[in-house]
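Have a look at the structure below before the remarks.
The values are calculated or read from the model by the stated rules, or taken from the named source; none is laboratory data. As the structure is a prediction and not an experimental result, all values here were calculated from the model. All Cβ positions, even for glycine, are placed from backbone atoms using ideal geometry, and neighbour counts span all protein chains on display.
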Amino acid sequence: MHEGFAQVGRNEKRGVQLVRSFNVDRMTTGGLFLGVVDTREQILEAAWNLFAERGFEDVSVRDVTNSAGVNLASVSYHFGGKEGLIQETVKRCMNPINEYRIKLLEQEIAKHGGLGSVPIHDLMTAFMRPVVMPEECGVRAGLMLRLVARYLIESDYTIPSVSRNLYTEVFQIYAKAFMVHYPDLSALQIVKHIVFASGTVIYYHGLGKVALQLSSGIQGDVGEIDRDEMLLDIVEFSIHGFGGKSRGPDS
């Protein structure tokens, strides 16, 4: 009935291997080429901080190398230039979020005894938590927002293949789980609903405080957004966006 997700069963079992493979590759590389990786890591750390603070376009290669304390040519040597450095930063932002989604879903599957048995609230929370609280997987919310903004401005921008593949795996696994709760929705409708729900998180991250100020008439700072409350609100809003209460067999 839902074509395009026939491989999801196998993908679900591969979740742990996916997460582990990324970490093993990084550790192996670090062990074999410690000196090279140290310089590479210095550059990436500096770029990560600068991109998060100032955005991609306002940071030059010289800014990065000055902050990292390395020579200008090192960026070209390790990344082929600024665009390659941005691509690596994209991977470091996107991959941990999707790896965390897999980890949280695996925990829910183990807890409830199967993918189809995970309650809709827990399922939605597992999908949304990594973008509501990206710091839990080592990603800065500010960098995540700047990355999304760049993709919105440059819609033809190429996503690194390793990130694209992981993102596809995550979408397929979660789509299969959502179909249990909303069997009347097509595969395409499920994917659209996931995108719409994800967009609410990004929008609230970026404009939530401004909206609260404007709606309440407060001129000063309204304080930091309560992330736990935000997660609950986003989950409830998204469930209603999908069609309300689960219509799955166990609801």
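Observations, loosely collected:
- The one condition in (1) surrounded by 18 or more Cβ atoms within 10 Å (Cβ to Cβ); (2) within 30 Å of GLY244 (Cα to Cα); (3) at pLDDT below 90 that SER215 fails to fulfil: (1)
- Unmet requirement for ILE43, which otherwise passes all of (1) more than 14 Å from ILE86 (Cα to Cα); (2) modelled with pLDDT of 80 or more: (1)
- Single match in LEU104, LEU143 (criterion: crowded, with 19+ Cβ neighbours inside 10 Å, modelled with pLDDT under 85 and either within 23 Å of THR168 (Cβ to Cβ) or basic (Lys, Arg) (or both)): LEU143
- Filter result (within 18 Å of TYR204 (Cβ to Cβ) and out of contact with any Lys or Arg (no Cβ under 7 Å at 6 or more places or on another chain)) within the stretch 113-133: MET124, THR125, MET128, ARG129, VAL131
- Just one of the numbered conditions (1) under 19 Å from TYR167 (Cβ atoms); (2) surrounded by fewer than 18 Cβ atoms within 10 Å (Cβ to Cβ) is not true of MET128: (2).
- Looking only at the stretch 152-166, and only at residues there that are modelled with pLDDT of 75 or more and part of a helix (DSSP H, G or I), the one that is surrounded by the most Cβ atoms within 10 Å (Cβ to Cβ): LEU166
- When ALA149, ALA126 are checked against the criterion of being within 28 Å of ILE225 (Cβ to Cβ), touching a Leu at 6+ places or on another chain (Cβ under 7 Å) and part of a helix (DSSP H, G or I), a single residue qualifies: ALA126.
- Selection within the stretch 107-125 - surrounded by fewer than 19 Cβ atoms within 10 Å (Cβ to Cβ) and more than 20 Å from the chain's Cα centre (by Cα): ALA110, LYS111, HIS112, GLY113, GLY114, GLY116, SER117, PRO119
- Of all the numbered requirements in (1) at pLDDT 75 or above; (2) surrounded by fewer than 16 Cβ atoms within 10 Å (Cβ to Cβ), VAL210 misses one, and that requirement is (1).
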